[in-house]
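**Student:** What follows is a single structure, and I will ask about it in a moment.
The values are calculated or read from the model by the stated rules, or taken from the named source; none is laboratory data. Because the structure is predicted, anything quoted here is derived from the model rather than measured. Please note: Cβ atoms are built from the backbone with ideal geometry, for glycine as well, and neighbour counts cover all protein chains shown.
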Amino acid sequence: MALQLKQNVKLSQQLVMTPQLQQAIKLLQLSRLELLGVVQKELQENPVLEEVAEGDDDHQSEGDLTPAATLADATEATLAASPEAQDATDSASADGGQEHEPTDAEKIADIDWQNYMDARPHTGMREVGGDADRPGIDQTHSRRESLNDHLEWQLQLASVPIEEEVAAHFIIGNIDDRGYLGASVADIAIQSGVREEVVAEALAVVQSFEPAGIAARDLRECLSLQLDSREITDPLVRRIVSDALDPFIARDFRKVAKQLNVEISDVVAAADVIAQLEPRPARDFGNDETIYIVPDIYVHRLGDDFHIVLNDDGMPRLRITGLYKDMLGKDSTAAPDTREYVSDKVRSAMWLIKSIHQRQRTIYKVMESVIKHQRAFFERGVNHLRPLNLRDVADDIGMHESTVSRVTSNKYAHTSQGIFELKYFFNSSIRSIDGQAVASESVKHRIRRLIKSEDAMRPLSDQRIAEMLRVAKIDIARRTVTKYRESMNILSSTKRRRLV
């Protein structure tokens, strides 16, 4: 068989992930705050991009590239090679009406001048008897005190020898986020260069600080320190902490009573005292700042209809600076290298503006489809949440599942039922006895309600909960109840039981 060279013509399609497409996909999965950071960074790095000042729309030159103009001129063919790309460039309008831009006079008329003056007492126009509850500047900008700062402050007030103070600094530095000492006395002696007996004395000083139980080396010592601080002298309470803590933590009160040779009712009474102690003394000094959720979407109910409002508060409105547009004109005398640089930056700015608008339209369409599928939830609550998956929404709005998945990541919706992550509306189904599907999140809600209303002395077992759900026509196995209960961080029935 002879070897031959042949030429063949083959036609095929493949997805080319251009930088513009990658940017559109990246912006789609960002949260609102992350998107704001990307926009601010681009404003700093791209000289042709500028923020439209409020009320400046009427003063734009004829050639300025506003977001609306960019949206109308968007080229669909560039990203039409795949469902993923097609989703990123979908140009269906979420709202066909045009908003009325208020005039300067209307804006001034809408200002609540009374609140403006109340917020600025230096104007001398604050009324007597105004809002006295308004927080001051020191309250809104103060830094939260850390556990280390709190302990160091108490050490400064304590009168201790210099060697003990040095050791105490090292002890405070080795306290973990729970409030426990993470190093031994010998280790601290080596670190600080202080004798072990001096470190032991310094440890006793630190353990006398607030919060009670701080710098303990284990749970038993932590609880004992708190009993000393509260001057609790009940002998049974102290015996449980020192001799029977392990079965007590497992709530095996019968074993505790047998081990200590006491009545079980006495153990239950002692348990009420121990339950008032704090196993994590540093709980109130967490270093993590409170993170407040800012919804990306607001869903308002007006009559029988639900209206979607995207949260654009604080998001800059972008356009191309007219100065650089003139540099690309036919009459421009700019050097070729300069024109090429400006052209590249203009192209980047245009893609950013288009990608942001595409992102907003996609989020709107996904939320619109979610409301369509979960209308009963928005009207009557979590008990009426239906099973829903990404494919259902993707087929409804004509997009790819991966696009819907990106939209639901790190996005929150404010509804009349509360604030929920978009992923909350997508959950698996459990078959009911009559053949209808029930959302797993709705089943979890039912389990939570059953446990909340149970008799504390006779808590419901997982098997009993499964039987009660079957009475409600929900066909569920005991192991599924166990899985859902554990996912909600609810203890088992044996650990929830109270004996008296």
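**Student:** I'm trying to understand the selection: among the residues of the range 167-189, which are in a loop (DSSP other than H, G, I, E, B) and of a type outside the set (A, V, I, L, M)?
**Tutor:** 174, 176, 177, 178, 179, 182, 184
**Student:** Within the range 400-412, does at least one residue satisfy the condition of being out of contact with any Cys (no Cβ under 6 Å at 6 or more places or on another chain) and either part of a strand (DSSP E or B) or closer than 22 Å to residue 446 by Cβ (or both)?
**Tutor:** Yes, because at least one residue in the range 400-412 is out of contact with any Cys (no Cβ under 6 Å at 6 or more places or on another chain) and either part of a strand (DSSP E or B) or closer than 22 Å to residue 446 by Cβ (or both).
**Student:** Looking at 268, 273, 241, which is the one that is surrounded by 17 or more Cβ atoms within 10 Å (Cβ to Cβ) and not small (Gly, Ala, Ser)?
**Tutor:** None of the other options fit; the residue is 241.
**Student:** Right, next: Looking at the range 19-53, which of its residues are touching a residue at least 24 places away in the same chain (Cβ under 8 Å) and among the β-branched types (Val, Ile, Thr)?
**Tutor:** 25, 39, 48, 52
**Student:** Of all residues in the range 151-165, which are out of contact with any strand residue (DSSP E or B) (no Cβ under 9 Å at 6 or more places or on another chain) and crowded, with 18+ Cβ neighbours inside 10 Å? I'd like the intermediate steps shown before the answer.
**Tutor:** Let us first name the residues in the range 151-165 that are out of contact with any strand residue (DSSP E or B) (no Cβ under 9 Å at 6 or more places or on another chain), namely 152-165.
Of everything in the range 151-165, those that are out of contact with any strand residue (DSSP E or B) (no Cβ under 9 Å at 6 or more places or on another chain) and crowded, with 18+ Cβ neighbours inside 10 Å turn out to be 155, 164.
**Student:** Step by step: first the residues of the range 373-382, then only those that are touching a helix residue (DSSP H, G or I) at 6+ places or on another chain (Cβ under 7 Å) and within 14 Å of residue 418 (Cα to Cα), then the one that is surrounded by the most Cβ atoms within 10 Å (Cβ to Cβ). Which residue is that? Explain how you work it out, then say what you get.
**Tutor:** Let us first name the residues in the range 373-382 that are touching a helix residue (DSSP H, G or I) at 6+ places or on another chain (Cβ under 7 Å), namely 373-374, 376-378, 382.
Filter again for within 14 Å of residue 418 (Cα to Cα), leaving 377-378, 382.
Details: 377: 24, 378: 19, 382: 17.
Filtering the range 373-382 for residues that are touching a helix residue (DSSP H, G or I) at 6+ places or on another chain (Cβ under 7 Å) and within 14 Å of residue 418 (Cα to Cα), the one surrounded by the most Cβ atoms within 10 Å (Cβ to Cβ) comes out as 377.
**Student:** If you go through the range 209-227, how many residues are within 14 Å of residue 274 (Cβ to Cβ) and of a type in the set (D, E, K, R)?
**Tutor:** The number of residues fulfilling the criteria is 1.
**Student:** Continuing with this model, one more query. Could you check the range 336-368 and list, in sequence order, the residues that are surrounded by fewer than 21 Cβ atoms within 10 Å (Cβ to Cβ) and within 30 Å of residue 442 (Cα to Cα)?
**Tutor:** The answer is 360, 361, 364, 368.
**Student:** Considering the range 385-410 alone, what residues qualify as being touching a helix residue (DSSP H, G or I) at 6+ places or on another chain (Cβ under 7 Å), without any contact (Cβ under 8 Å) to a residue 24 or more places away in the chain and of a type in the set (D, E, K, R)?
**Tutor:** 391, 392, 401, listed by residue number.
**Student:** Would you mind listing the helices (runs of 4 or more DSSP H) fully within the range 287-394 where at least 1 residues are modelled with pLDDT under 90, within 19 Å of residue 24 (Cβ to Cβ) and not charged (D, E, K, R)?
**Tutor:** Ranges flagged: 336-373.
**Student:** Out of 224, 192, which single residue is assigned by TED's automatic domain parsing to the domain that holds residue 274, modelled with pLDDT under 90 and not acidic (Asp, Glu)?
**Tutor:** Within the list 224, 192, the selection yields 192.
**Student:** When you look at residue 442, is it under 28 Å from residue 472 (Cβ atoms) and assigned by TED's automatic domain parsing to the domain that holds residue 468, yes or no?
**Tutor:** On the way: under 28 Å from residue 472 (Cβ atoms): yes; assigned by TED's automatic domain parsing to the domain that holds residue 468: yes.
Answer is yes for this residue.
**Student:** Scan (1) assigned to a loop (DSSP other than H, G, I, E, B); (2) within 25 Å of the chain's Cα centre (by Cα); (3) touching a residue at least 24 places away in the same chain (Cβ under 8 Å) for the single condition residue 262 breaks and write down its number.
**Tutor:** (2)
**Student:** Filter the range 469-489 down to the residues that are crowded, with 16+ Cβ neighbours inside 10 Å and not hydroxyl-bearing (Ser, Thr, Tyr), then identify the one that is nearest to the chain's Cα centre (by Cα).
**Tutor:** Per the criteria, the residue is 485.
**Student:** Contact list please: Cβ distance under 7 Å, first residue in the range 146-159 and in the same structural domain as residue 204 (by TED's automatic domain parsing), second residue in a helix (DSSP H, G or I) and surrounded by fewer than 18 Cβ atoms within 10 Å (Cβ to Cβ), pairs at least six apart or on different chains.
**Tutor:** From the range 146-159, the pairs are 155/165.
**Student:** Any residue at all in the range 190-211 that's part of a helix (DSSP H, G or I), in contact (Cβ under 8 Å) with a residue 60 or more places away in the chain and surrounded by 18 or more Cβ atoms within 10 Å (Cβ to Cβ)? Steps first, answer last, please.
**Tutor:** From the range 190-211, those part of a helix (DSSP H, G or I) are 190-192, 196-207; that's our starting set.
Narrowing the set further to residues that are in contact (Cβ under 8 Å) with a residue 60 or more places away in the chain leaves none.
No; the residues of the range 190-211 include none that is part of a helix (DSSP H, G or I), in contact (Cβ under 8 Å) with a residue 60 or more places away in the chain and surrounded by 18 or more Cβ atoms within 10 Å (Cβ to Cβ).
**Student:** Related question: When residues of the range 199-253 are filtered for being aliphatic (A, V, I, L, M) and over 35 Å from the mean Cα position of the chain (by Cα), how many remain?
**Tutor:** 16
**Student:** What number of residues in the range 385-399 are surrounded by fewer than 19 Cβ atoms within 10 Å (Cβ to Cβ) and under 13 Å from residue 424 (Cα atoms)?
**Tutor:** Number satisfying all stated conditions: 1.
**Student:** Moving to a separate point now. If a residue must be over 17 Å from residue 399 (Cβ atoms) and within 27 Å of the chain's Cα centre (by Cα), how many such residues does the range 332-367 contain?
**Tutor:** 3
**Student:** Still on this model: Hey, residue 182 hits all of (1) within 40 Å of the chain's Cα centre (by Cα); (2) over 29 Å from residue 491 (Cβ atoms); (3) surrounded by fewer than 19 Cβ atoms within 10 Å (Cβ to Cβ) but one; which does it fall short on?
**Tutor:** Going through (1) within 40 Å of the chain's Cα centre (by Cα); (2) over 29 Å from residue 491 (Cβ atoms); (3) surrounded by fewer than 19 Cβ atoms within 10 Å (Cβ to Cβ) one by one, residue 182 breaks only (2).
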